[in-house]
Amino acid sequence: MQITLNENKKLVETLQNKLKENGGYCPCKLEKTEDTKCMCKEFKEQINNPNFEGFCHCRLYLKIK
């Protein structure tokens, strides 16, 4: 298993800037809770699924099997 950043450098830069502005909270989520702090709970659960391969909700991270 490998976790990497999206290859789209412009998207990664935009999302990382938004994360800084939001205090580390996912810019794609409306709520600011521990569950939406990057790397969000949703993606952590997806990572734990051995059959999952793909992007997190905001497409910043990619899990490769």
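The table that follows gives values for the structure above.
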item: Net dipole in debye of the chain [+1 Lys, Arg Cβ; -1 Asp, Glu Cβ; about Cα centre; nearest 20]; result: 140
item: Solvent exposure ordering (accessible area, 1.4 Å, most first) of 5, 60; result: 5, 60
item: Free-standing Cys residues across the chain, given no other cysteine C-beta under 4.7 angstrom; result: 26, 38, 40, 56
item: From phi via Karplus (6.51, -1.76, 1.60), per-residue ³J(HN,Hα) for the stretch 17-30 in Hz, x at Gly/Pro; result: 5, 5, 4, 4, 5, 8, x, x, 8, 4, x, 8, 9, 7
item: Cα-only Debye scattering, the chain: base-10 log of I(q)/I(0) at q = 0.12, 0.16 Å⁻¹; result: -0.28, -0.50
item: Residue 53 - accessible surface, heavy atoms, 1.4 Å probe, Å² rounded to 10; result: 100
item: Two-site label geometry, residue 21 and residue 2: point separation in nm, points 7 Å out along Cα→Cβ; result: 3.2
item: Computed [θ] at 222 nm, helices only, for the chain once each DSSP H run of length n ≥ 4 contributes -39500 (n - 2.57); result: -9500 deg cm²/dmol
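The values are calculated or read from the model by the stated rules, or taken from the named source; none is laboratory data. Quick caveat, the model's predicted, so the values are computed rather than measured. Every residue, glycine among them, receives a Cβ derived from its backbone with ideal geometry; neighbour counts consider all protein chains shown. We work out accessible area using only protein heavy atoms, side chains counted, and drop any ligands, DNA or RNA first. Shrake-Rupley method; radii C 1.70, N 1.55, O 1.52, S 1.80 Å.
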